[in-house]
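Participant: The structure follows.
The values are calculated or read from the model by the stated rules, or taken from the named source; none is laboratory data. Quantities reported herein were computed from a predicted structural model and do not represent experimental measurements. Cβ: placed from backbone, ideal geometry, glycine included. Neighbour counts: every protein chain shown.
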Amino acid sequence: MTILNLTRDSSGKATFIRRPSVQMFAGSLVTADEQTLTVPSDYHTYNAIFSYSPGASVWVAINNTATFPATTMTSINSEQNPVAYELKAGDVIHFVTPDTGDLVGVALYAII
């Protein structure tokens with residue numbers, strides 16, 4: 001498991017460069033076909049960092065069915081194209097898209 005370790009540069013400022021994770025996942029989504037990823041149980045807590053194909057509209061929910069919005073403003077349990085989440089072992093990440101095809105990637109980093 002790769003640990004997310006932010007360090008300081010020569011001037012003492014925090015750097016936001018990360019090492020490549022050894023636990024990376026990717027998938028291809030098609031219209032309204034939800035896919036899931038279960039966070040491994042190697043560590044208690046993880047940072048999940050997401051990446052998407054350019055122009056993607058991927059809706060993500062944690063431990064809940066992912067949904068994309070209807071035509072009217074309403075409450076929703078999903079977030080569009082989140083950058084990162086802090087998750088626990090066993091959490092299930094749900095992905096769905098209204099598009100005909102989008103790619104999504106997830107890099108997991110242990111928090112110890």
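Participant: From the set of residues in the stretch 79-93 that are more than 12 Å from the chain's Cα centre (by Cα) and either of a type in the set (A, V, I, L, M, F, W, C) or in a loop (DSSP other than H, G, I, E, B) (or both), which is nearest to Arg19 (Cα to Cα)?
Facilitator: The initial filter retains those residues of the stretch 79-93 that are more than 12 Å from the chain's Cα centre (by Cα), namely 88-90.
So of that shortlist, the ones also either of a type in the set (A, V, I, L, M, F, W, C) or in a loop (DSSP other than H, G, I, E, B) (or both) come out as 89-90.
On the way: Ala89: 21, Gly90: 23 Å.
Step by step, filter the stretch 79-93, then rank; the result is Ala89.
Participant: In the stretch 38-48, what residues are outside any loop (DSSP other than H, G, I, E, B) and buried (at least 17 other Cβ atoms within 10 Å of the Cβ)?
Facilitator: Our first condition is that a residue be outside any loop (DSSP other than H, G, I, E, B); within the stretch 38-48, this holds for 38, 45-48.
Across the stretch 38-48, the qualifying residues are Tyr46, Asn47, Ala48.
Participant: Another question, if that's okay. I'm told Thr100 meets every condition in (1) surrounded by 11 or more Cβ atoms within 10 Å (Cβ to Cβ); (2) touching a Ser or Thr at 6+ places or on another chain (Cβ under 6 Å) except one. Can you identify the failing condition by its number?
Facilitator: (1)
Participant: Restricting the stretch 70-90 to residues that are of a type in the set (A, V, I, L, M) and surrounded by fewer than 15 Cβ atoms within 10 Å (Cβ to Cβ), which is nearest to Val30 (Cα to Cα)?
Facilitator: If we filter the stretch 70-90 for residues that are of a type in the set (A, V, I, L, M), which is where we start, we get 70, 73, 76, 83-84, 87, 89.
Within this subset, residues satisfying the condition of being surrounded by fewer than 15 Cβ atoms within 10 Å (Cβ to Cβ) are 70, 73, 76, 83-84, 89.
Working: Ala70: 17, Met73: 24, Ile76: 20, Val83: 20, Ala84: 22, Ala89: 27 Å.
Here the residue is Ala70.
Participant: When the stretch 71-112 is examined, which residues are found to be of a type in the set (Val, Ile, Thr) and more than 16 Å from Val58 (Cα to Cα)?
Facilitator: Within the stretch 71-112, Thr71, Thr72, Thr74, Ile111, Ile112 qualify.
Residue-wise test of (1) in a loop (DSSP other than H, G, I, E, B); (2) modelled with pLDDT under 95; (3) surrounded by fewer than 17 Cβ atoms within 10 Å (Cβ to Cβ).
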residue: Phe16; (1), (2), (3): yes, yes, yes
residue: Thr36; (1), (2), (3): no, no, yes
residue: Phe50; (1), (2), (3): no, no, no
residue: Ser57; (1), (2), (3): yes, no, yes
residue: Thr65; (1), (2), (3): yes, no, yes
residue: Phe68; (1), (2), (3): yes, yes, yes
residue: Phe95; (1), (2), (3): no, no, no
residue: Ala110; (1), (2), (3): no, yes, no
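Participant: With the requirement that a residue be modelled with pLDDT under 95 and either closer than 25 Å to Gly101 by Cβ or among the small types (Gly, Ala, Ser) (or both), what does the stretch 38-48 give you?
Facilitator: Ser41
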